[in-house]
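> Handing you a structure now.
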Amino acid sequence: MSNEPKAADTAPVSGSWDDNAWFRGLVESAVDAILTIGSDGIIRHANRSATRMLGYHQAELLGRNVNMIMPDIYARHHDEYIRNYLQTGEKHIIGIGREVVVRKKNGDTLPVHLSISEVNMDGARYFSGVLRDISLEHEARREQERLLGELKERNKKITCLYSVGEVIREQAVEIDIFREIAYLIRPACSYPERTRVRIVFDGHVYEELAISTTPWTFSAPIVVGGRTRGKLELVYREAIDPEIPGILTQGDCDMIEAIARTLGEAVERREAEAKVIQASKLASIGELAAGVGHEINNPINGVINCVDILLENMAADAPDRHFAELIRSEAERVASIVKKLLTFSRQQQEKYSMASMPEILDAVLSLSNKKIEKSHIELRVHIPDSLPRLRCRGEQLQQVFMNLIINSIHALDDRYPDGSPNKIMTISVHTRKHDGRAYLETAVEDFGVGISDTAKARLFDPFFTTKGRDKGTGLGLSVSDGIVKDHGGFIEVESEPGEFARFRVFLPVEGPLPDKARSAAAMEYER
């Protein structure tokens, strides 16, 4: 159906306004606001609904130009529009209707639907406008748009979280995971054009675009196994609302926290899986090493027995006797090394007994001296003669100091691959008092590459290592820390990157406290 007005819409009406009381009653009782103006734009009539809508008394409206209820941008052109229509007859709104805004007496604006009709009465042209309040419709529309916007934003964030899960599942390398996730997050934020994202993990930084901290920054920690190892940062380059400093959308912050938790859980799960695999490999290697040790023992004992027979049948002044004695000496040294290796690799729980630190360190150095000499390291050992004996598991402590010595050798080789007068390792033992108890402090110090602050924070984490694949499993310090704590002691680390590293092992002379007392002491130390 056409919206164009029919001829009857502009037909002359007989009589006058005042003669049509029934028409006046109909207009006055209308729910919608009705205004009637002349061709000069002057208001001739306003019904009660119009005065209620606009906040004017009727007397304040009658005789005034209708542009008084229009916003300024429309008011100044209204009279011109009427003149153009009267001259050309070209309609823009008459008989069609549209949404407009009216200005109330108090200055507030109100959205209305305006329908205008033209009436010829007694040779004069009048325009009658019906204004219907559509503010509730606008509010409902805004609410709908808001909900649709929220739905769209939530869909973006859910899609991002799903994509994060897919990246974690598909990528094998943590570097690739963090790099890809840094690219995924920004487009899912509420204001991607003004948003930047940065992931910091174990001292490494992953970011899509370079950013700097602003007042609109949110950070969520990446926690792995109860320890914070990084953070996920969301930064707005500018404020969303200049009147509210520091504000960020709650949806963006919630998404960042969820992704940070997901990353921490994913890393923890991967590392737990790696621990199981590595433990299985190490158990196999341990069994293999024990088997190899026994296999070596048999021929070595055969060599020693044969040499003994030769020596029995050889004159004391025989010219080749010293060669036979040398063979026996070296064979016994091999047998001793194998015996210590087998002892070192035993899995059974050793009982606490009294042992001396010099004997423990001597056993370790007998296994590591050749490697120290081969690396051209100057070894300085300072062990007083009057040290008290320890109540300990000696073979476990051998493992602790073996790990520390091997680490020092690697650090010195990395800094001085071709040798240097400064390629020095120092081992010293002293007595110390701590919390009223007597301790032996054993320090292993080297002047190698040192330890970075980032690495220092994770030194005792299982499988964490700064060495290459062929130099370590990342278990040595973790195992050593556990052994020392089982003895009621603790390890302190001092280092300057590129200068030195010093590990100090504190062991109580009387051995560990009973379980309850030891737990309390451990809690006090951790505090």
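The values are calculated or read from the model by the stated rules, or taken from the named source; none is laboratory data. Not measured: the values here are computed from a predicted model. Cβ coordinates were reconstructed from backbone atoms using ideal geometry, including for glycine residues, and neighbour counts include every protein chain displayed. Ligands, DNA and RNA are excluded from the accessible area calculation, which covers all protein heavy atoms including side chains. Shrake-Rupley method; radii C 1.70, N 1.55, O 1.52, S 1.80 Å.
> Name the one entry in L459, L513 that is at pLDDT below 90, within 21 Å of A274 (Cα to Cα), in a loop (DSSP other than H, G, I, E, B) and among the aliphatic types (A, V, I, L, M). Spell out how you get there, then give the answer.
Values: L513 fails: within 21 Å of A274 (Cα to Cα).
Only one candidate qualifies: L459.
> When you look at R154, is it open to solvent by 30 Å² or more (accessible area, probe 1.4 Å), part of a helix (DSSP H, G or I), in contact with a helix residue (DSSP H, G or I) (Cβ under 9 Å, 6 or more places away or on another chain) and touching a residue at least 60 places away in the same chain (Cβ under 8 Å), yes or no?
Details: open to solvent by 30 Å² or more (accessible area, probe 1.4 Å): yes; part of a helix (DSSP H, G or I): yes; in contact with a helix residue (DSSP H, G or I) (Cβ under 9 Å, 6 or more places away or on another chain): yes; touching a residue at least 60 places away in the same chain (Cβ under 8 Å): yes.
Against the criterion (open to solvent by 30 Å² or more (accessible area, probe 1.4 Å), part of a helix (DSSP H, G or I), in contact with a helix residue (DSSP H, G or I) (Cβ under 9 Å, 6 or more places away or on another chain) and touching a residue at least 60 places away in the same chain (Cβ under 8 Å)), R154 qualifies.
> Checking the conditions here, which among I427, I409 is of a type outside the set (G, A, S), touching a His at 6+ places or on another chain (Cβ under 8 Å), modelled with pLDDT of 90 or more and at negative phi? Can you show your working first?
Values: I409 fails: touching a His at 6+ places or on another chain (Cβ under 8 Å).
Answer to the selection: I427.
> Here is a check on your reading of the model: is G203 open to solvent by 20 Å² or more (accessible area, probe 1.4 Å) and farther than 22 Å from C160 by Cα? Talk me through it step by step, then tell me what you get.
On the way: open to solvent by 20 Å² or more (accessible area, probe 1.4 Å): yes; farther than 22 Å from C160 by Cα: yes.
Yes, satisfied.
> Kindly establish whether E137 is closer than 30 Å to L35 by Cα, of a type outside the set (K, R), open to solvent by 70 Å² or more (accessible area, probe 1.4 Å) and at pLDDT 85 or above. Can you show your working first?
Details: closer than 30 Å to L35 by Cα: yes; of a type outside the set (K, R): yes; open to solvent by 70 Å² or more (accessible area, probe 1.4 Å): yes; at pLDDT 85 or above: yes.
Here the answer is yes, as E137 does meet what is asked.
> Please work out if Y236 is open to solvent by less than 70 Å² (accessible area, probe 1.4 Å), within 30 Å of V27 (Cα to Cα), touching a strand residue (DSSP E or B) at 6+ places or on another chain (Cβ under 9 Å) and touching a residue at least 24 places away in the same chain (Cβ under 8 Å). Show your work before the answer.
Values: open to solvent by less than 70 Å² (accessible area, probe 1.4 Å): yes; within 30 Å of V27 (Cα to Cα): no; touching a strand residue (DSSP E or B) at 6+ places or on another chain (Cβ under 9 Å): yes; touching a residue at least 24 places away in the same chain (Cβ under 8 Å): yes.
In short, no.
> Please work out which residue is nearest to R458 (Cα to Cα), limiting yourself to region 206-233 and to residues that are among the hydrophobic types (A, V, I, L, M, F, W, C) and open to solvent by 20 Å² or more (accessible area, probe 1.4 Å).
As a first pass, look at region 206-233 and keep what is among the hydrophobic types (A, V, I, L, M, F, W, C): 209-211, 216, 218, 220, 222-224, 232.
If we keep only those that are open to solvent by 20 Å² or more (accessible area, probe 1.4 Å) as well, we get 209-211, 216, 218, 223.
Details: L209: 28, A210: 27, I211: 27, W216: 31, F218: 25, V223: 13 Å.
Once the filter is applied, the top-ranked residue is V223.
To keep it simple, each residue is scored yes or no on (1) within 13 Å of V130 (Cα to Cα); (2) open to solvent by less than 70 Å² (accessible area, probe 1.4 Å); (3) modelled with pLDDT of 85 or more.
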{"position": "R48", "(1), (2), (3)": "yes, no, yes"}
{"position": "A59", "(1), (2), (3)": "no, no, yes"}
{"position": "M68", "(1), (2), (3)": "no, yes, yes"}
{"position": "D72", "(1), (2), (3)": "no, no, no"}
{"position": "A75", "(1), (2), (3)": "no, yes, no"}
{"position": "R83", "(1), (2), (3)": "no, no, no"}
{"position": "T88", "(1), (2), (3)": "no, no, no"}
{"position": "G95", "(1), (2), (3)": "yes, yes, no"}
{"position": "E99", "(1), (2), (3)": "yes, no, yes"}
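> When residues of region 399-423 are filtered for being open to solvent by less than 30 Å² (accessible area, probe 1.4 Å), under 22 Å from E359 (Cα atoms) and more than 35 Å from the chain's Cα centre (by Cα), how many remain?
The total comes to 4.
> To continue, here is another question. Of all residues in region 299-323, which are closer than 16 Å to R333 by Cα and either under 60 Å from the mean Cα position of the chain (by Cα) or small (G, A, S) (or both)?
P299, I300, N301, G302
> I've got another one for you. Which residues, counting only those in region 375-408, are hydroxyl-bearing (S, T, Y) and in a strand (DSSP E or B)? First the steps, then the outcome.
The first filter runs over region 375-408 and keeps only residues hydroxyl-bearing (S, T, Y), leaving 375, 386, 408.
The answer is none; no residue qualifies.
> Tell me which helices (runs of 4 or more DSSP H) are completely within region 12-124 and hold 2 or more residues being in contact (Cβ under 8 Å) with a residue 24 or more places away in the chain, or say none if there are none.
On the way: elements: 21-28, 48-54, 58-61, 72-88.
In region 12-124, the matching helices (runs of 4 or more DSSP H) lie at 48-54, 58-61, 72-88.
> Can I ask one more? Would you be able to say whether some residue in region 482-501 is open to solvent by less than 50 Å² (accessible area, probe 1.4 Å), closer than 28 Å to H204 by Cα, within 28 Å of the chain's Cα centre (by Cα) and modelled with pLDDT of 85 or more?
Looking through region 482-501, at least one residue is open to solvent by less than 50 Å² (accessible area, probe 1.4 Å), closer than 28 Å to H204 by Cα, within 28 Å of the chain's Cα centre (by Cα) and modelled with pLDDT of 85 or more.
> Separate question: Which of the residues spanning region 479-496 are closer than 22 Å to F447 by Cα and assigned to a strand (DSSP E or B)?
Those that are closer than 22 Å to F447 by Cα and assigned to a strand (DSSP E or B): I491, E492, V493, E494, S495, E496.
> Return only the number of the condition from (1) modelled with pLDDT under 85; (2) surrounded by 17 or more Cβ atoms within 10 Å (Cβ to Cβ) that I185 does not satisfy.
Tallying (1) modelled with pLDDT under 85; (2) surrounded by 17 or more Cβ atoms within 10 Å (Cβ to Cβ), I185 fails exactly one: (1).
> Tally up the residues in region 178-195 that are in contact with a helix residue (DSSP H, G or I) (Cβ under 6 Å, 6 or more places away or on another chain) and either closer than 26 Å to R270 by Cα or in a helix (DSSP H, G or I) (or both), please.
If we filter region 178-195 for residues that are in contact with a helix residue (DSSP H, G or I) (Cβ under 6 Å, 6 or more places away or on another chain), which is where we start, we get 180-181, 184, 186, 188-190, 192, 195.
Within this subset, residues satisfying the condition of being either closer than 26 Å to R270 by Cα or in a helix (DSSP H, G or I) (or both) are 180-181, 184, 186, 188, 192.
Here the count works out to 6.
> Further question: Please find, among S163, S128, S115, the residue that is of a type in the set (S, T, N, Q), over 27 Å from A33 (Cα atoms) and open to solvent by less than 50 Å² (accessible area, probe 1.4 Å).
Values: S128 fails: over 27 Å from A33 (Cα atoms); S115 fails: over 27 Å from A33 (Cα atoms).
The unique qualifying residue is S163.
> Could I ask something else about it? Looking only at region 375-398, which residues are modelled with pLDDT of 90 or more, over 19 Å from H487 (Cα atoms) and open to solvent by 60 Å² or more (accessible area, probe 1.4 Å)?
Hits for region 375-398 are H376, E378, R380, V381, H382.
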